[in-house]
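Trainee: There's a structure below that I have some questions on.
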Amino acid sequence: MQKTVYFFFILMVISSCSSEEKKETRTVFKYNEMGSVTSLDPAAAVSFENTAVVNQLYNGLVQINDSLRTEPSIAKSWTISTDELTYTFQLRNDVFFHNNPCFAGGKGRKVIAQDFVFSFNRLFDAKVSSAASLLTYVDNENKKAFEAINDSTFLIHLKKPFVPFLGILTMKYFSVIPHEAITFYADDFRINPVGTGPFQFKIWEEGSKLVLLKNQNYFEYDGTNHLPYLDAVSVSFIKDRETSFLNFLKGTTDMVSGIDAINTDEVLTTEGIINDQYKNKFRMQTAPFLKTDYLGFVVDENLPIVKNSPLKLKALRQAINYGFDRKKMVQYLRKNLGIPATAGFIPPGLPSYNASLVKGYEYNPDKVRTLLIQAGFPNGKGLPEISLATSQQYLELAEYIQSQLSEFGILMKIDVQKPAVLSENAANSNINFFRKSWVADYADEENFLSLFYSKNQSPKGFNYTHYFNPDFDELYKKSQEELNDSVRYIEYREMDKLLIEDAPIVPLYYDEVVRLEQNNISGLTLNPMNLLGLKRVKKENKSY
């Protein structure tokens, strides 16, 4: 009875503020998601939309902080064997699953090591998750990759050392779930999540609203008080950008995230700062984002689509790289929200990024003309029209590049495709010039450079350009086995330099995390993974 009354009260707060009450007594954090949440199973945390909600519902062994450092979560400590092949985690004994009908009496039980064995083994099933590729280095011979020594000691065995592995474990795929929930809900677990996180599931009307309530038994403290501070989280799913943003301006939602969700012409100056009329209404936060936006060329001359294309010529690809001004592109098309990609493919925020050591491409008309001569197309003479595949969202950016390249006789047609079609065509090498972006799965340069390792060529992997350079491959393999950070960062930079020289890509800009938040919100921090964390957020309710 008590839970029913509490939920009714939360719904009342979410829907409106009663004219009879002077001030809300419960704090509900509200945001709109223009994308689609498809599952609340952490094994399906493949998108930003899913991950944002999953991060409130679940915990793993470890977690990543805003400085990209790995910290304890359910594992209070860990050790790594001298051969780097065995990871031993000691678990907390005060972590409990959310109360749920899947448990006897509806009361959540304590998390034990065997729960991690169960949860991680699920990830090998391609029908359950796409995370199996992240377990490449796990030694699963005789199905003993994961081992529970006792209730509080959990082991992971690797086939060979892999330095980024601990960072991989911070991904939401590696959250702990109870086997009782899978037995009880089966395929419906995606809509009936049971975790250990700061918030617990209450209601989800797909495409309409989603409500999470405070987990009263959450194990994390701020030093004195239990987290989280909020009483509830409410997510709406309005698809129209203008309507969504208007709700934020009216104060109906507490946050709006991403440049694509913000009416930048309305609230930002040309320099990318908030207009004076809005400064007292909300705040803007920006931070480096581990995301690189780029154009890709398919460069494998064994493919029919490449054999007769002028884009197989490195000199032409380099000319295109030099042929437009990235700084002006970011300034005028993105209101300075982002960093021009004038270094390599690795973005700022990762340790090996160094624009002075890895020199990328900047606008240089003289080099464009020289390279066109080398390619056999002086001033573009004899060069066939090339086609760039992109989506409607990036049409203006493509038109900017098209205009600048035309000044050198490089004529480019823009092929606008639906995002899903574009992704499929790029993955299957049906197009040889396309716009893409890469967002870090985990905070290590290896995740970016793996896109160019020859064994990862699409459609099996994410090497959409089908790039192959034996020197790159050798450095890639060496870096994976290198335990010395300083040496590994040098190897990462050398790989980045090879990409610049061979030009299978056109780096455009390194993106930024951008959020607007209402002035009554505090504790909403940013991180380069753009992971939404609400357990330390506070909201000061306004009087009416």
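Trainee: Are there any strands (runs of 3 or more DSSP E) wholly within the range 47-143 with 3 or more residues that are surrounded by fewer than 19 Cβ atoms within 10 Å (Cβ to Cβ), and if so which?
Mentor: On the way: elements: 62-64, 70-72, 75-80, 86-91.
Filter on the range 47-143 gives 70-72, 75-80, 86-91.
Trainee: Among the listed residues 300, 325, which satisfies the condition of being among the charged types (D, E, K, R), at pLDDT 95 or above and surrounded by fewer than 19 Cβ atoms within 10 Å (Cβ to Cβ)?
Mentor: 325
Trainee: Could you tell me whether any residue of the range 156-177 is over 30 Å from residue 477 (Cα atoms), β-branched (Val, Ile, Thr) and buried (at least 18 other Cβ atoms within 10 Å of the Cβ)? Even if it seems obvious, please write down each step before you answer.
Mentor: Of the range 156-177, the ones over 30 Å from residue 477 (Cα atoms) are 176-177.
The next check asks that each one be β-branched (Val, Ile, Thr); those that pass are 176-177.
With the extra rule that they be buried (at least 18 other Cβ atoms within 10 Å of the Cβ), the set shrinks to 176-177.
Yes.
Trainee: Right, here's the next one. Say we look at the range 378-436 and pick out the residues that are of a type in the set (D, E, K, R) and not in a helix (DSSP H, G or I); which of these is farthest from residue 315 (Cα to Cα)?
Mentor: Checked the range 378-436; the qualifying residue farthest from residue 315 (Cα to Cα) is 418.
Trainee: May I pose another question? Looking only at the range 53-70, filter to residues that are in contact with a helix residue (DSSP H, G or I) (Cβ under 9 Å, 6 or more places away or on another chain) and of a type in the set (A, V, I, L, M); which one of those is farthest from residue 167 (Cα to Cα)?
Mentor: 57
Trainee: Condition (residue is over 19 Å from residue 214 (Cβ atoms), under 15 Å from the mean Cα position of the chain (by Cα) and modelled with pLDDT under 95) applied to the range 66-80: is it met by at least one residue?
Mentor: Yes, that holds for at least one residue.
Trainee: While we're here: Has the range 23-33 got any residue that is in contact with a strand residue (DSSP E or B) (Cβ under 6 Å, 6 or more places away or on another chain), of a type in the set (Ser, Thr, Tyr) and closer than 30 Å to residue 352 by Cα? Working first, answer last.
Mentor: So the first thing to find is which residues in the range 23-33 are in contact with a strand residue (DSSP E or B) (Cβ under 6 Å, 6 or more places away or on another chain), and the list is 23, 27-33.
Applying the additional criterion that residues be of a type in the set (Ser, Thr, Tyr) yields 27, 31.
Next, from what is left, pick out any that are closer than 30 Å to residue 352 by Cα: none.
No; the residues of the range 23-33 include none that is in contact with a strand residue (DSSP E or B) (Cβ under 6 Å, 6 or more places away or on another chain), of a type in the set (Ser, Thr, Tyr) and closer than 30 Å to residue 352 by Cα.
Trainee: For the condition at positive phi and surrounded by 18 or more Cβ atoms within 10 Å (Cβ to Cβ), what is the one hit in 312, 335?
Mentor: Result of the check over 312, 335: 335.
Trainee: Name the residue that is nearest to residue 99 (Cα to Cα), counting only residues in the range 180-201 that are of a type outside the set (A, V, I, L, M, F, W, C) and out of contact with any strand residue (DSSP E or B) (no Cβ under 9 Å at 6 or more places or on another chain).
Mentor: Residue satisfying both the conditions and the ranking: 180.
Trainee: Quick check on residue 230: is it hydrophobic (A, V, I, L, M, F, W, C), at pLDDT 90 or above and either in the same structural domain as residue 393 (by TED's automatic domain parsing) or not in a loop (DSSP other than H, G, I, E, B) (or both)?
Mentor: Answer is no for this residue.
Trainee: Which residues, counting only those in the range 403-430, are under 15 Å from residue 311 (Cβ atoms) and either out of contact with any helix residue (DSSP H, G or I) (no Cβ under 6 Å at 6 or more places or on another chain) or without any contact (Cβ under 8 Å) to a residue 24 or more places away in the chain (or both)?
Mentor: Correct list: 405, 411, 413, 415, 426, 429, 430.
Trainee: Contact list please: Cβ distance under 7 Å, first residue in the range 123-135 and within 14 Å of residue 460 (Cα to Cα), second residue small (Gly, Ala, Ser) and exposed (fewer than 14 other Cβ atoms within 10 Å of the Cβ), pairs at least six apart or on different chains.
Mentor: Listed by first residue and then by second, the contacts come to 132/126.
Trainee: Take the residues in the range 269-287 that are aliphatic (A, V, I, L, M) and within 25 Å of the chain's Cα centre (by Cα), then tell me which one is surrounded by the most Cβ atoms within 10 Å (Cβ to Cβ).
Mentor: Here the answer is 284.
Trainee: When both residues are 6+ apart or on different chains and their Cβ atoms are under 6 Å apart, which pairs have a first residue that lies in the range 201-220 and is at positive phi, and a second that is surrounded by 16 or more Cβ atoms within 10 Å (Cβ to Cβ)?
Mentor: Within 6 Å, the pairs are 207/237.
Trainee: Go through the range 160-177 and count every residue that is part of a loop (DSSP other than H, G, I, E, B) and either modelled with pLDDT of 95 or more or not assigned by TED's automatic domain parsing to the domain that holds residue 128 (or both). Walk me through how you get there before you give the answer.
Mentor: Within the range 160-177, the first condition is being part of a loop (DSSP other than H, G, I, E, B), and the residues that meet it are 160-164, 169-171, 176-177.
Applying the additional criterion that residues be either modelled with pLDDT of 95 or more or not assigned by TED's automatic domain parsing to the domain that holds residue 128 (or both) yields 169-171, 176-177.
The number of residues fulfilling the criteria is 5.
Trainee: Report, ordered by the first and then the second residue, all pairs with beta carbons closer than 6 Å, sequence separation of six or more or different chains, a first member in the range 381-396 that is aliphatic (A, V, I, L, M), and a second member that is assigned to a loop (DSSP other than H, G, I, E, B) and surrounded by 11 or more Cβ atoms within 10 Å (Cβ to Cβ).
Mentor: Note: pairs meeting the criteria are 383/377; 389/417; 389/431.
Trainee: Only residues that are under 38 Å from the mean Cα position of the chain (by Cα) and without any contact (Cβ under 8 Å) to a residue 24 or more places away in the chain: list them for the range 364-380, please.
Mentor: Matches in the range 364-380: 366 only.
Trainee: A further question follows. Could you run through the range 399-417 and say how many residues are small (Gly, Ala, Ser) and either loosely packed, with under 15 Cβ neighbours inside 10 Å or under 23 Å from the mean Cα position of the chain (by Cα) (or both)?
Mentor: Residues that pass the stated criteria total 2.
Trainee: Let me spell it out: the conditions are (1) within 16 Å of residue 467 (Cα to Cα); (2) of a type in the set (D, E, K, R); (3) in a loop (DSSP other than H, G, I, E, B), and residue 335 meets all of them except one. Which number is the exception?
Mentor: Unmet for residue 335, out of (1) within 16 Å of residue 467 (Cα to Cα); (2) of a type in the set (D, E, K, R); (3) in a loop (DSSP other than H, G, I, E, B): (1).
Trainee: Yes or no: residue 295 of a type outside the set (Val, Ile, Thr), over 24 Å from residue 521 (Cβ atoms) and either touching a residue at least 60 places away in the same chain (Cβ under 8 Å) or not assigned by TED's automatic domain parsing to the domain that holds residue 336 (or both)? Working first, answer last.
Mentor: Details: of a type outside the set (Val, Ile, Thr): yes; over 24 Å from residue 521 (Cβ atoms): yes; either touching a residue at least 60 places away in the same chain (Cβ under 8 Å) or not assigned by TED's automatic domain parsing to the domain that holds residue 336 (or both): yes.
It is true that residue 295 is of a type outside the set (Val, Ile, Thr), over 24 Å from residue 521 (Cβ atoms) and either touching a residue at least 60 places away in the same chain (Cβ under 8 Å) or not assigned by TED's automatic domain parsing to the domain that holds residue 336 (or both).
Trainee: Of all the residues that make up the range 233-254, how many are at pLDDT 95 or above and acidic (Asp, Glu)?
Mentor: Residues that pass the stated criteria total 1.
Trainee: Counting just the residues of the range 432-453 that are within 22 Å of residue 501 (Cα to Cα) and among the hydrophobic types (A, V, I, L, M, F, W, C), which one comes out surrounded by the most Cβ atoms within 10 Å (Cβ to Cβ)?
Mentor: 452
The values are calculated or read from the model by the stated rules, or taken from the named source; none is laboratory data. Keep in mind that what you see is a predicted model, and the values were worked out from it rather than measured. Reconstructed Cβ throughout: ideal geometry from the backbone, glycine too, with neighbour counts over all protein chains shown.
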